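Down below is the structure, laid out as structure tokens.
The values are calculated or read from the model by the stated rules, or taken from the named source; none is laboratory data. The structure presented is a predicted model; accordingly, all values stated were derived computationally and were not measured. All Cβ positions, glycine included, derive from the backbone under ideal geometry; neighbour counts span all protein chains shown. Heads up: the accessible areas ignore ligands, DNA and RNA and are worked out on the full protein's heavy atoms, side chains in. Shrake-Rupley method; radii C 1.70, N 1.55, O 1.52, S 1.80 Å.
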Amino acid sequence: MSRRFVEPSILPGFSLTFGFTVFYLSLIVLIPLSMLFFKTASLSPREFWEILTATRTLAAYRLSFGTAFASAGINAVFGVIIAWALVRYSFPGKRIIDALVDFPLALPTAVAGIALTELYAPNGSVGRYLALAGIKGAFTPLGITIALTFVGLPFVVRTVEPVLEELDPQLEEAAASLGASRWYTIKKVIFPVIAPAVLTGFTLAFARAVGEYGSVIFIAGNMPMKTEIAPLLIMTKLEQYDYAGATTIAIGMLLISFFFLAAANFFQWQLSRKYGKV
Amino acid sequence: MSVRTEPRSIRILIITVAVAFFALFLVLPLVCVFQNAFSKGLTFYVKTLQHPDALAAMRMTVITALVAVPLNLVFGVAASWLIAKFDFKGKDILLSLIDLPLSVSPVISGLVFILLFGAQGLLGEWLGDRNIQIVFAPPGIILATIFVTFPMVARELIPVMKAQGNEEEEAALTLGASGWRTFWLVTIPNIRWGILYGIILCNARAMGEFGAVSVVSGHIRGLTNTLPLHVEILYNEYQFAAAFAAASVLALLAIVTLVAKTAVEGMMRREH
């Protein structure tokens with residue numbers, strides 16, 4: 001490792017691209033984001049803490065992080081099943097499904113929101129059957145989880161797919177020839193290899209779901225304390241011109257997200273220690 | 001039977017679960033959009049989309065994308081050249097900072113521009129004295145869109161440029177080509193599909209962004225409404241068929257995006 005800031009290269013353009021990248025990054029991202037800290041600095045620690053621990057704020061946090069966690073969990077399970085089906089089996093319509101996995105990333109969230117609300121409302125084409133079973137879809141935390149599951153679907157599939165594709169067939173053949181049952185091989189040989197990818201996909205889906213707004217507000221019902229997600233609470237504060245309140249809730253969200261991401265990194269590190277780097 | 005697969009019954013079960021989950025979460029919402037869009041007939045559909053507010057919203061959406069995508073494209077090319085071609089201190093930090101907008105809630109992305117340019121904001125007074133309006137006006141919408149789509153071209157280009165390596169550029173430079181000539185004649189042709197791929201993804205997000213734009217728009221009809229915001233307004237006014245008609249345009253855009261993306265992926269695979 002040299003002490004130089006940049007390794008010498010005969011390629012030109014380092015200063016130009018470095019300067020432009022840092023300039024544009026500061027202008028568009030860093031300066032605007034730093035406003036969050038400027039704004040909260042205008043509050044006393046006590047005011048800050050009071051907004052952060054208000055019952056309505058806490059209820060919104062609990063709902064946002066809880067439903068995001070649930071939807072990421074659902075996606076972890078079904079994402080692995082879908083990735084497995086796409087990589088290992090052939091069936092009619094497989095290529096269309098493979099292309100459609102990214103659909104939630106391409107579809108504007110507001111469109112997803114109104115479509116899911118229409119489907120899962122008590123008189124909607126899916127909600128009707130849920131209602132028969134006594135389950136309320138739209139306008140409950142379940143509805144929020146459904147919308148977040150839609151939004152987060154691509155992440156686990158797309159992180160697990162390449163790992164499954166590159167899995168060395170000899171590993172499974174060796175396990176089978178040594179007498180391991182298929183289930184035992186999956187549990188002891190395949191799962192450890194894909195586990196880090198599943199966790200990565202889970203984390204990405206979770207992070208996306210926590211901040212999600214467009215697809216949720218239509219299906220949520222938006223009742224304070226019950227079905228009001230944290231981004232919506234920020235929006236409400238903004239509409240009341242309570243900028244300090246909005247900013248405080250935003251900072252709280254970022255801090256909790258940061259804590260979860262750090263926890264995910266820790267688990268990732270433990271996984272790699274337990275199963276070795278793969 | 002190969003040792004690398006499961007019994008037939010398990011295979012069928014897994015495929016069924018995968019397809020059912022897909023149908024429930026992806027196909028059904030898509031069908032729902034178009035079914036509701038045409039629920040009042042084709043004439044109503046055409047009339048809804050020709051409404052001046054709808055046309056103004058579409059215009060705003062297109063203008064936003066026309067500004068945001070080229071800017072983020074120039075940034076994406078510069079940043080990926082920097083990160084793929086050079087080794088320097090703090091590269092990992094720079095990379096995570098570039099990805100930052102993706103992990104910020106869209107609502108917070110809009111909020112920061114209000115804090116910066118709003119009437120009570122840091123620059124609010126200065127701008128107010130000069131009669132410049134940024135938030136609750138088209139510039140705010142465009143800025144918020146640039147923010148949320150900021151890393152989208154760079155993220156696609158960095159791995160492509162890294163995979164390409166430096167040898168071809170080094171050869172061109174050794175043979176006496178200038179830096180710019182090397183960039184245009186060697187680098188750009190090599191990454192052209194990556195560029196197209198980035199543009200497609202960036203454009204889809206730019207045209208479809210809702211949360212960030214909703215915060216800074218002020219919802220002024222015919223002036224600061226984008227198509228996704230127009231969908232929301234119609235829906236909240238219980239004009240469901242009209243809302244879905246406007247939504248169907250965005251759904252169509254999503255389908256075109258996926259088809260174009262799949263086509264470009266095919267092109268990239270063929271070249272390698």
Exercise. Is it possible to state the helix-based mean residue ellipticity at 222 nm for chain A, with each DSSP H run of 4+ residues giving -39500 (n - 2.57), the sum divided by total residues, to the nearest 500 deg cm²/dmol? What is it?
Worked result: -23500 deg cm²/dmol
Seminar exercise, completed: Expected field for residue B:192, accessible surface area in Å² at 1.4 Å probe radius, rounded to 10, holds 110 Å²
Seminar exercise, completed: Cα convex hull volume per residue for segment A:45-275, in Å³, equals 149 Å³
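Can you pull the mean other chain C-beta count within 10 Å for peptide B:10-20?
Working: counts 2, 5, 2, 1, 8, 13, 3, 6, 14, 7, 1.
Counting other chains' Cβ atoms within 10 Å and averaging over B:10-20 gives 6.
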Exercise. At what distance in nm do the modelled label points of residue B:16 and residue B:66 sit from each other, each positioned 7 Å from its Cα along Cα→Cβ?
Worked result: 5.3 nm
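What shape does segment A:117-230 take by its C-alpha gyration tensor, where a ≥ b ≥ c are the square roots of the eigenvalues and a/c under 1.5 counts as rounded, a/b above b/c as prolate, and the rest as oblate? Kindly include the intermediate steps, with their values, before the conclusion.
Numbers: a/c = 3.71, a/b = 2.26, b/c = 1.64.
Since a/c reaches 1.5 and a/b is larger than b/c, the shape of segment A:117-230 is classed as prolate.
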Seminar exercise, completed: Those residues in segment A:56-91 that give up at least 10 Å² of accessible surface, probe 1.4 Å, once the partner protein chains are present instead of the chain by itself are A:78, A:81, A:82, A:84, A:85, A:88, A:89, A:91
For this session: Just read off the accessible area of residue B:261 with the full protein assembly in place, 1.4 Å probe, to the nearest 10 Å².
Result: 10 Å²
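Using DSSP H assignments, which helices in chain A have an axial alpha-carbon span of 27 Å or above and a mean Kyte-Doolittle hydropathy of 0.0 or higher? Could the numbers behind the result be given before it?
Details: long enough: A:55-88 (48 Å, 1.06); A:141-166 (38 Å, 1.15); A:191-211 (30 Å, 1.53); A:243-275 (48 Å, 0.88).
For chain A, where a helix must reach 27 Å along its axis and average at least 0.0, the hits are A:55-88, A:141-166, A:191-211, A:243-275.
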For this session: With a ≥ b ≥ c taken as the square roots of the eigenvalues of the C-alpha gyration tensor of chain B, please select rounded if a/c is under 1.5 and otherwise prolate if a/b is larger than b/c or oblate if it is not?
Result: oblate
Seminar exercise, completed: FRET efficiency for residue A:226 and residue B:188 from the Cβ-Cβ distance with R0 = 60 Å, rounded to 0.05, comes out at 0.65
Exercise. Taking springs between alpha-carbon atoms closer than 10 angstrom, which of B:211, B:198, B:41 fluctuates most in the Gaussian network model of chain B?
Worked result: B:41
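Are there any trypsin sites (Lys or Arg not before Pro) in segment A:1-41 that are in a DSSP loop and have at most 12 other Cβ atoms within 10 Å? List them by number.
Working: sites: A:3, A:4, A:39; in loops: A:3, A:4.
Passing both the DSSP loop test and the Cβ count: A:3, A:4.
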For this session: Pop a pseudo-label 7 angstrom from the Cα along the beta-carbon direction at both residue B:42 and residue A:16 and give the gap in nm to one decimal.
Result: 5.3 nm
Problem set entry | For segment A:192-220 and segment B:199-272, distance of Cα centres in Å | 21 Å
Seminar exercise, completed: When the charge dipole of the protein assembly as shown is computed with +1 on Lys and Arg Cβ and -1 on Asp and Glu Cβ about the Cα centre, the Cα farthest towards its positive end, among B:36, B:16, A:119, belongs to B:16
Exercise. So for A:194, B:63, what's the accessible-area order with a 1.4 Å probe, most first?
Worked result: B:63, A:194
For this session: Go ahead and run the numbers for FRET between residue B:133 and residue A:171, Cβ-Cβ distance against an R0 of 45 Å, rounding to 0.05.
Result: 0.15
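For every helix of n ≥ 4 consecutive DSSP H residues, a contribution of -39,500 (n - 2.57) applies; sum these over chain B, divide by its total residues, and give [θ] at 222 nm rounded to the nearest 500 deg cm²/dmol.
Value at 222 nm, helices only: -24000 deg cm²/dmol.
Roughly speaking, what is the stretch gain from residue A:135 to residue A:270, that is 0.36 nm per residue apart minus the C-alpha to C-alpha distance, in nm to one decimal?
Details: separation 135, 0.36 × 135 = 48.60 nm, distance 3.87 nm.
Answer, rounded to one decimal: 44.7 nm.
For a test of the definition: using alpha carbon positions, the gyration tensor, and the 1.5 limit on a/c, classify the protein assembly as shown as rounded, prolate or oblate. Write down the numbers at each step before the final one.
Details: a/c = 1.41, a/b = 1.06, b/c = 1.33.
Rounded, since a/c falls under 1.5.
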For this session: Distance between Cα centroids, segment A:129-188 to segment B:18-96: provide it in whole Å.
Result: 27 Å
Problem set entry | Choice from B:18, B:79, B:243 showing the highest fluctuation, given a GNM over chain B with Cα pairs closer than 10 Å | B:18
Problem set entry | Relative contact order (%) - chain A, alpha-carbon pairs under 8 angstrom, separation at least six | 27 percent
